[in-house]
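The values are calculated or read from the model by the stated rules, or taken from the named source; none is laboratory data. Bear in mind the structure is a predicted one, so any value in this text is a computation, not a measurement. So basically every Cβ, Gly included, is an ideal-geometry build from the backbone, and we count neighbours across all protein chains shown. Heavy atoms of the whole protein, side chains included, go into the accessibility calculation; ligands, DNA and RNA do not. Shrake-Rupley method; radii C 1.70, N 1.55, O 1.52, S 1.80 Å.
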Amino acid sequence: MRMPENTLAPGLGALIALALAHPAIAKTIDVAAGADAQQRLQEALIVAEPGDTVALGTGRFVLTDGLSLDVKGVTVRGAGMEATVLDFTGQEGAGEGLLVTSDGVTLRDFAVENPHGDGIKSKDADDIVYYRIRVTWTGGPKETNGAYGIYPVESSNILIDGCKVQGASDAGIYVGQSDHITVRNSISETNVAGIEIENSRDALVRANFVTRNTGGILVFDLPNLPVMGGGNTLVEENLVVANDTPNFAPKGNIVAGVRRGTGVMVMANDGVLVRNNFMSDNPTAQVMVVSYPSAFDDKRYNPYPRNVVVGTNTYLRGGTDPQMDGKTQLLAAFGGALPPVLWDGLGTPGQAVAAVKGTRAWTLNLPEQGDGTDKATPAPVTLPVPGKTVDPASVGAPAALDARIAS
C-alpha cells in the first residue's frame with residue numbers, strides 16, 4: 001500500500017524519491033580468486049543489482065564453465081588486465097567466457113584467457129563499455145581458438161577502449177549489427193581479423209594498433225543477417241602494421257577468404273572514410289575495396305562498395321608479396337611493389353571508391369560480381385576525387401559513456 005506523502009517524516013520523502021531514482025543503493029561485491037571461484041563469481045553476477053560493482057581481486061580465477069550477466073547497470077571491475085585473469089583453459093563446453101545480455105554494463109580492468117568459444121559476448125546490450133579488457137588465447141594462432149575476443153552484437157552505443165586481443169580465429173574485436181560504436185586505443189594482434197565492423201553503422205575506429213593479423217581492419221556488409229545496410233564508418237589515426245599471419249580461420253568462415261597481408265579492407269559497405277592512418281608492411285594491399293564475392297539470394301542486399309573514400313594516409317613498404325594469382329607478373333609490372341590501394345573494379349564508376357589526389361591505385365577490372373581473379377585484367381587506375389564523405393560528428397559512441405571510465 002502506498003503511504004500518503006503528507007504522513008512522511010521531514011526529509012524522508014526526499015530520500016525515498018532518491019532511492020526510486022537510483023533503484024539500488026549501490027554496493028560493491030568483492031570476489032577473490034581461489035577455491036570455488038566459478039560458483040562464487042557466478043553468484044555475484046546473479047545477486048548484483050543495478051548500480052552495483054562486482055570487484056574481482058588479483059590473481060587467477062580458474063573457471064570450468066562460462067559466466068553470464070543479465071542485470072542492467074552493473075560494473076565488473078578487476079585489478080588490471082594483467083593482475084586479474086579469468087582462466088577458462090579448463091572450460092567444459094564450447095560457450096563464450098562471459099555473456100552479457102543487459103544494458104548499461106561496464107566491463108573493465110581484467111583479462112579472459114583461453115575460452116573455448118568467444119571471449120566476451122554482449123548481445124542486445126545497449127550502452128556497454130569495454131575498458132582495459134584483455135582476451136588472449138595463449139597458445140598462439142590456432143583454428144581451434146574461439147572466434148571472437150570482444151564481441152558486442154545487436155546493440156546500440158558501444159565503447160571499446162584500451163583493450164587487447166590476441167589469437168581469435170575470426171576477429172579480435174568484432175562489432176556486428178550495431179550502431180554508434182567507438183573502438184579506440186586498443187591492440188589487436190595475431191588474429192585472423194584485427195578489428196571487424198560488420199553490418200553496423202556510425203562507427204569510429206581510431207588510434208588502434210593492429211599488427212600480425214591476417215587482415216588489420218575490416219569493414220564488411222554481408223547478406224542474410226537480421227540487420228543490413230552497414231555504413232557511415234570512419235577509420236582514422238590507426239597503426240596498421242605487418243599484418244602477415246597466414247589465415248587460420250575455420251573453412252567456411254567469411255574471413256577465411258581474407259588474404260594474408262591486408263591492411264584495411266572494405267567490402268560492400270556504404271560510406272567509409274579511411275584517413276590519417278599509418279600503414280606499413282602489409283604485403284598484399286594497404287587498402288582493399290571490394291564487392292561481396294559469393295552468390296546470394298537476399299534481395300535486401302547490395303554487394304557493391306559505395307561512397308568509400310581513401311583520404312590521406314601514410315604508406316610504407318606494402319604490396320610486396322601479394323597473396324594472389326599472377327603475383328610475379330604483377331610485381332614485375334608495377335616495379336616490385338603494388339600501389340597501396342586495390343579496387344576490384346566493381347560498383348558504379350565514380351561512386352564506388354574515391355581517393356585524394358595523388359593516391360596510387362590499381363584495379364582488378366573484374367567483369368561481374370562473383371568473378372574470381374582468373375577473370376581479372378589488372379591495371380593502374382586513377383580514382384575520382386572525393387565528393388560525399390563521412391561526417392566525423394555523426395560517428396562514434398555517445399560521450400556519456402566516457403564518464404564510466406573517468407575513475
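With a 1.4 Å probe and all protein chains kept in place, how much accessible area does Arg360 have, in Å² rounded to the nearest 10?
Roll a 1.4 Å probe over it and Arg360 shows about 140 Å².
Report, ordered by chain and residue number, the aspartates and glutamates lying within cross-link reach of Lys299, taken as a straight Cα distance under 20 Å and ignoring same-chain residues fewer than 8 apart.
Glu198, Asp221, Asp270, Glu368, Asp371
Against the longest alpha carbon principal axis of the chain, how many degrees, from 0 to 90 and to the nearest 10, is the axis of helix 37-47 turned?
70
If each of Thr314 and Asn253 carries a label point 7 Å out from its Cα toward its Cβ, how far apart are those two points in nm?
About 3.2 nm separates the two model spin labels.
Output the relative contact order of the chain, whole-number percent, from Cα pairs under 8 angstrom with separation of 6+ residues. List each step's numbers first, then the result.
Working: 1285 pairs, mean separation 35.5, N = 407.
That works out to 9 percent.
Can you give the calculated 222 nm mean residue ellipticity of the chain, where each DSSP H run of n ≥ 4 adds -39,500 (n - 2.57) and the sum is split over every residue, rounded to the nearest 500 deg cm²/dmol?
Details: 3 runs with 28 residues, N = 407.
Result for the chain: -2000 deg cm²/dmol, rounded to the nearest 500.
Over the stretch 151-204, what percent of the accessible surface lies on carbon and sulfur atoms, probe 1.4 Å?
C and S atoms contribute 34 percent here.
Can you tell me the FRET efficiency between Glu82 and Ala393 if r is taken as the Cβ-Cβ distance and R0 is 41 Å, rounded to the nearest 0.05? Kindly include the intermediate steps, with their values, before the conclusion.
Numbers: r = 36 Å, r/R0 = 0.88.
Result of the calculation: an efficiency of 0.70.
Hey, with R₀ at 45 Å, roughly what FRET efficiency would Asp325 and Thr64 work out to, going by the Cβ-Cβ distance, to 0.05? It would help to have the intermediate numbers written out before the result.
Working: r = 47 Å, r/R0 = 1.05.
In this case the efficiency is close to 0.45.
With a point put 7 Å past each Cα toward its Cβ, work out how far Asn365 is from Thr144 in nm, to one decimal.
Placing both labels 7 Å beyond Cα along the Cβ direction yields 4.8 nm.
Per residue, how many Å² of accessible area does the stretch 193-260 show with a 1.4 Å probe?
Working: 2090 Å² over 68 residues.
That works out to 31 Å² per residue.
Count the DSSP beta bridges whose two residues both fall in the chain, then state the antiparallel fraction as a percent rounded to the nearest 5. Walk me through the intermediate numbers first.
Working: 3 of 115 bridges.
The answer is about 5 percent antiparallel.
Just the accessible area per residue of the stretch 267-361, please: how many Å² with a 1.4 Å probe?
Using a 1.4 Å probe on heavy atoms only, each residue of the stretch 267-361 averages 42 Å².
Treating the angle as unsigned and between 0 and 90°, give the value, to the nearest 10°, between the Cα long axis of helix 12-21 and the longest Cα principal axis of the chain.
30
Given a 1.4 Å probe, how much area per residue of the stretch 47-192 is accessible, in Å²? List each step's numbers first, then the result.
On the way: 4400 Å² over 146 residues.
Spelled out: the 1.4 Å probe surface of the stretch 47-192, per residue, equals 30 Å².
Ignoring ligands and nucleic acids, what accessible area does Thr373 show with a 1.4 Å probe (Å², nearest 10)?
Accessible surface of Thr373 is approximately 40 Å².
Could you rank Ser156, Ser169 by how accessible they are, 1.4 Å probe, largest area first? Walk me through the intermediate numbers first.
Numbers: Ser156 30, Ser169 5 Å².
Result, largest first: Ser156, Ser169.
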